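Here the structure comes first, spelled out in structure tokens, and everything after it is commentary.
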Amino acid sequence: MTRYHEVYKSWLDDPEGFWSEAAKDVAWSKPADQIFANVDGLDRWFIGARCNTCYNCVDRHIEDGRGEQAAVIYDSPITGAKRTYTYNELRDEVATLGAILQDLGVEEGDRVIVYMPMVPEAVFAMLACARIGAVHSVVFGGFAPKELATRIDDSTPKAILSASCGIEPGRVISYKPLLDEAIELSTSKPVATLILQRDEVTAELVDGRDHDWQASMAAARAAGKAADCVDVAATDPLYILYTSGTTGQPKGVVRDNGGHMVALKWTMDNFYGVSPGEVFWAASDVGWVVGHSYITYAPLLHGATTIVFEGKPIGTPDPGTFWRMISEHKVTALFTAPTAFRAIKKEDPDGNFIKKYDISCLRTLFLAGERADPDTLHWAEDQLKVPVIDHWWQTETGWTIAGNPVGLGTLPVKYGSLAVPMPGYEMHVLDDAGKEVARGELGAICVKLPLPPCCLPTLWHNDERFRESYMEAFPGYYETSDAGYMDEDGYLYIMARTDDIINVAGHRLSTGGMEEVLAGHPDVAECAVVGIADQLKGQIPVGFVVFKAGVNRPPEEVERECVQLVRDKIGAVAALRVVMNVPRLPKTRSGKILRGTIRKIADGDDWNMPATIDDPVILDEITTALSGRGLVA
Ligand code: COA
Ligand code: AMP
């Protein structure tokens with residue numbers, strides 16, 4: 001029997017009562033005066049409350065007797081390193097690091113950028129900021145200096161925490177030159193950096209600005225320094241996480257302290273069905289929202305054990321890595337992106353590597369970040385013999401909007417659907433005029449305002465872009481930018497993004513951002529980047545470039561430069577490997593590039609000749625170009 005319907009109704013009947021009850025699972029130094037209110041035009045939760053997120057993630061559990069329990073397990077098949085940190089050790093690391101940050105001049109409310117690989121120090125860095133009331137902004141290690149510089153200029157950090165290198169299969173990436181270049185490019189300059197020296201690379205430090213992580217920790221410990229938890233307002237920002245928008249300028253999603261804790265803590269029992277003391281593994285990266293919520297914060301808020309995994313689903317060393325991790329660390333719940341399973345399935349279709357390990361401790365597999373294709377879902381179910389739960393969320397929300405709540409009791413599964421909305425989310429599917437469509441009909445998926453706790457109250461220093469991006473298209477609703485439908489039972493089906501965001505291996509990327517880079521190539525007159533279906537990564541970007549008149553260089557040379565330009569300006573993670581020169585781009589008579597039609601041609605979907613097309617022959621040219629690269633499904 002599921003308790004979902006009863007719990008959802010209790011929220012619908014009394015939203016503030018529901019969240020006020022959930023807030024009892026969080027330790028506050030002062031309770032809220034008001035559970036919810038619109039303050040200065042922005043919706044806010046737990047107004048007047050005071051708290052500290054690091055205290056709730058660390059110290060509180062030590063006081064409750066969990067000091068010797070494992071808090072963080074670091075397992076790095078890529079370097080061979082393994083280490084477990086108890087809650088006591090975690091507090092020592094975090095309090096010491098917090099004191100170092102304070103000595104570097106970081107005060108409550110100051111921003112700190114964390115640009116690190118998947119090492120436990122990345123988690124310590126986030127918690128140390130939370131401890132001293134600083135606002136962290138983690139930047140994914142795969143982003144290029146220019147992307148980092150954009151984030152430095154927007155968040156104006158006082159300090160940057162980084163490492164000497166990240167390690168990808170077959171190559172070591174020195175971070176320090178990337179960091180130095182980013183600081184060079186940015187207008188805002190951090191006063192200090194703290195660099196974790198790894199065995200593989202020793203970074204050169206600049207006098208006066210750069211500090212050695214290990215040496216600073218040793219000195220702070222010797223001096224007996226440890227930062228206390230600083231009381232902050234529940235509505236104060238805990239972090240800024242930049243995510244792709246429709247332009248090259250990313251959106252700075254703001255997360256507050258109070259609402260974030262309440263919602264995440266609620267999910268651990270009620271959605272994921274995980275108890276304190278159990279091991280929860282989110283195989284993601286701290287640079288993404290899944291990493292923020294389910295590597296760092298939620299498991300630790302819950303007194304569970306979390307895992308920092310520095311590796312890949314395949315190749316580190318083989319497609320059995322996930323099963324080795326599960327069996328060795330007694331993982332109860334695994335959370336990852338479908339692309340990881342597609343990669344494993346491709347290399348080990350019969351699941352021979354699974355048979356080598358005892359993974360009977362695993363109760364549930366959770367998937368999110370991109371559409372889970374039924375093949376992969378069935379394969380995972382057959383091989384793992386546990387429920388596979390697809391759930392839908394966004395950087396903006398920080399936790400699941402819809403899914404099948406294992407903790408409340410699983411509802412009947414409908415393949416292709418994410419199941420039902422969580423308490424806090426009243427879902428509506430709207431047409432272009434903002435009218436509710438009939439059940440089963442496609443439309444824009446929207447959330448009736450207000451958004452629940454944890455969802456973004458605004459974008460960093462940009463309330464206007466926040467309103468424009470999410471609130472204006474459908475007054476009274478938050479626009480998710482996902483299109484789909486709801487069936488008679490209230491189950492949601494997510495079909496596609498309504499904007500130019502694409503999802504590559506679970507990574508959210510803006511084709512608009514890539515177009516801005518391609519347009520910067522001196523030989524390119526105009527361009528389009530389209531996300532097309534890919535068996536492994538879900539989607540991959542493909543670029544089309546029209547050369548300026550008079551360019552008579554070999555097209556392959558310019559195409560190669562375009563690919564390199566995107567790697568240099570955005571990062572390898574953009575995964576743009578194909579750029580092709582075409583004579584013209586298909587457009588409507590008003591000049592809009594028909595990206596949707598190009599995508600349909602490549603994906604082998606049915607498409608109709610757009611009535612407003614400028615010249616139908618151009619679509620034949622595009623089809624020929626795509627076929628020439630083997631890119632038509
Ligand atoms: N630092 C530097 N470079 C990085 C990086 C990082 N943290 N992460 C990825 N890259 C690079 C890769 O090395 C690769 O470079 P290349 O073009 O020189 O080969 C490029 O970015 C593209 O990476 P990716 O899309 O990850 O593809 P891949 O072919 O290396 O691996 C998978 C494919 C499926 C194994 C991999 O995407 C994966 O593990 N996905 C899991 C998804 C996930 O965790 N998503 C997070 C949201 S839940
Ligand atoms: P991100 O902000 O990186 O988490 O990306 C959010 C977007 O990823 C959503 O708006 C969806 O388009 C897509 N997404 C996330 N989870 C799912 C899912 N389970 N099924 C389909 N799409 C998803």
Result for the range 227-331: accessible area per residue, probe 1.4 angstrom, in square angstrom, of 20
Over the chain, the sum of -39500 (n - 2.57) across DSSP H runs of at least four, divided by residue number and rounded to 500 deg cm²/dmol, gives at 222 nm -8000 deg cm²/dmol
One quarter of the C-alpha convex hull surface, i.e. the mean projected area of the chain in nm², amounts to 28.1
Between A433 and M471, the FRET efficiency computed from the C-beta separation at R0 = 25 Å comes out, to the nearest 0.05, as 0.90
Note to self: with every protein chain in place and a 1.4 Å probe, the range 503-628 gives an accessible area per residue in Å² of 46
Given 23-29, 610-616, 262-268, 103-109, the highest-first ranking by average Cβ count within 10 Å works out to 262-268, 23-29, 103-109, 610-616
By the C-alpha gyration tensor axes a ≥ b ≥ c (rounded if a/c is under 1.5, else prolate when a/b exceeds b/c, else oblate), the shape of the range 387-474 is oblate
For the chain, the percent of accessible surface on carbon and sulfur atoms (probe 1.4 angstrom, ligands and nucleic acids excluded) is 49
Counting only residues 5 or more apart in sequence or on a different chain, those whose built amide H sits under 5 Å from that of S137 are V112, I113, V114, I240
With the 1.4 Å probe rolled over protein heavy atoms, the range 410-466 has an accessible area per residue in Å² of 42
Relative contact order as a percentage, the range 155-248, C-alpha pairs under 8 Å and 6+ apart, gives 25
Rounded to the nearest 5, the percent of DSSP beta bridges in the chain running antiparallel is 60
Label model pair K448, T588: point-to-point distance (7 angstrom along the Cα→beta-carbon line) in nm is 3.2
So, relative contact order of the chain in percent, Cα under 8 Å, 6 or more apart, is 12
Residues whose modelled amide H sits under 5 Å from the amide H of Y175, counting only those 5 or more places away in sequence or on another chain, are C165, G166
Mean separation of Cα contacts under 8 Å (at least 6 apart) over the residue count of the range 412-463, i.e. the relative contact order in percent, is 30
1/(1 + (r/R0)^6) with r = Cβ-Cβ of N38 and N552, R0 = 45 Å, i.e. FRET efficiency to nearest 0.05, evaluates to 0.15
Hits in the range 349-387: amide N under 16 Å from the 7 Å Cα→Cβ extension of K82, namely 357-359
Computed ³J(HN,Hα) along the range 369-376: with the Karplus parameters 6.51/-1.76/1.60, θ = phi - 60°, integer Hz and x for glycine or proline, the list is x, 6, 4, 8, 6, x, 4, 5
About its Cα centre, the chain carries a charge dipole, from +1 on Lys and Arg Cβ atoms and -1 on Asp and Glu Cβ atoms, whose size in debye to the nearest 20 is 720
In terms of the charge dipole of the range 254-409, which places +1 on Lys and Arg and -1 on Asp and Glu at the beta carbon, the residue among P338, I307, F322 farthest towards the positive end is I307
Here, M1 and A633, labelled 7 Å along Cα→Cβ, have an inter-label distance in nm of 4.4
So the compactness index of the range 1-82, its C-alpha Rg divided by 2.2 N^0.38 Å, takes the value 1.58
Whole-Å distance linking the alpha carbon centroid of the range 296-365 with that of the range 498-561 is 33
One would report the Cα pair-distance distribution of the range 493-601, bin width 10 Å, in %, as 14, 48, 31, 6, 0
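The values are calculated or read from the model by the stated rules, or taken from the named source; none is laboratory data. Here the structure is a predicted model, which means the values were calculated and not measured. Using ideal geometry, Cβ is built from the backbone for each residue, glycine included, and neighbour counts are taken over all protein chains shown. Quick note on the areas: whole protein, heavy atoms, side chains included, nothing else; ligands and nucleic acids left out. Shrake-Rupley method; radii C 1.70, N 1.55, O 1.52, S 1.80 Å.
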